[in-house]
1. Report yes if residue 89 is modelled with pLDDT under 80 and either surrounded by 16 or more Cβ atoms within 10 Å (Cβ to Cβ) or outside any helix (DSSP H, G or I) (or both), otherwise no.
2. Under 6 Å between Cβ atoms, which residue pairs at least 6 apart in sequence (or on different chains) link something in segment 4-18 that is closer than 13 Å to residue 164 by Cβ and in contact (Cβ under 8 Å) with a residue 60 or more places away in the chain with a partner that is open to solvent by 50 Å² or more (accessible area, probe 1.4 Å) and not hydrophobic (A, V, I, L, M, F, W, C)?
3. Test of understanding: among 3, 39, which residue is within 25 Å of residue 80 (Cα to Cα) and among the basic types (Lys, Arg)?
4. Evaluate segment 164-173: report whether one residue or more is modelled with pLDDT of 85 or more, part of a helix (DSSP H, G or I) and more than 21 Å from residue 121 (Cα to Cα).
5. Please work out which one of (1) surrounded by fewer than 16 Cβ atoms within 10 Å (Cβ to Cβ); (2) at pLDDT 90 or above is the condition residue 161 fails and give its number.
6. For segment 165-176, check the following and say yes or no: at least one residue is closer than 26 Å to residue 61 by Cβ, of a type in the set (A, V, I, L, M, F, W, C) and in contact (Cβ under 8 Å) with a residue 12 or more places away in the chain.
7. Please work out if residue 210 is among the charged types (D, E, K, R) and modelled with pLDDT of 75 or more.
8. Looking at segment 122-157, which of the residues that are in contact with a Ser or Thr (Cβ under 8 Å, 6 or more places away or on another chain) and closer than 27 Å to residue 71 by Cα is surrounded by the most Cβ atoms within 10 Å (Cβ to Cβ)?
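The values are calculated or read from the model by the stated rules, or taken from the named source; none is laboratory data. Everything numeric here is computed off the predicted structure, so don't read it as measured data. Glycine also receives a Cβ, built like all others from the backbone with ideal geometry; neighbour counts cover every protein chain displayed. With ligands, DNA and RNA removed, areas are computed over all heavy atoms of the protein, side chains included. Shrake-Rupley method; radii C 1.70, N 1.55, O 1.52, S 1.80 Å.
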Amino acid sequence: MKKLLKIFSWGLVISFLGSLPLGTLNVAAMQIGIQESIKDAMYFSFGSLLVEMVYVRLSLVGIDWVRKQEKLMKAMEWVTLAIIVALAIGSFIAAAKGGGDTKNVLLKNNMHRFLLGMFMCAINPVQIPFWFGWSTVLFTKKILEPKPSQYNSYIIGIGIGTLLGNCVFIFGGKWLVQRIANSQQYLNWVIGGIFALTAIIQLIKMLLHKDGISKFNEDKTETKESSH
């Protein structure tokens with residue numbers, strides 16, 4: 001039981017800290033919380049963390065298969081980049097129109113926010129090499145062992161950690177909007193800037209082959225060479 005609690009804690013802490021840097025999903029969750037409702041933002045978070053947990057499970061038990069899907073993950077990276085650009089443009093348009101109720105055009109759809117969270121997380125392959133890297137470290141340190149009970153404890157911790165990280169953005173964004181006059185319009189400019197900067201950094205990394213997927217494939221090559 002103590003071992004499972006330790007693994008749970010590692011998953012929670014890594015996931016929580018990994019959710020704090022500005023990113024597509026946590027900023028989108030914040031924007032939904034501000035422009036729609038806390039409930040919709042939580043639905044979005046639950047959808048995204050569910051897919052993240054599935055990805056972690058795949059990275060633990062089917063990593064060889066995942067590594068073979070290089071073209072698929074590259075395509076997903078470009079789709080993710082396009083969505084980030086669309087979110088940036090949508091936020092800038094909402095900010096330019098002014099008015100507290102002006103919504104990001106990309107969020108003007110009837111898709112349930114749980115499904116939207118699942119979709120946006122599913123096409124974001126960056127988390128696969130992130131969790132593969134951390135899981136490898138935990139395996140190396142003998143903290144995590146290939147046992148179903150440990151995997152389950154690890155994944156549950158990851159899910160809760162991601163939820164807590166998103167809650168910082170959701171409730172923090174809502175708190176700011178309620179206390180600063182006309183803050184939602186300003187926040188749209190800031191959010192648009194964050195998405196634009198994220199897109200630029202992601203594009204540069206992809207073109208220079210410094211993105212997570214490229215590093216993931218480099219690790220695969222190194223592992224193969226060291227095994228010979």
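1. When the stated conditions are applied, residue 89 does not pass them.
2. none
3. Just one listed residue meets the conditions, 39.
4. yes
5. (1)
6. no
7. no
8. Among those residues, the one meeting the criterion is 131.
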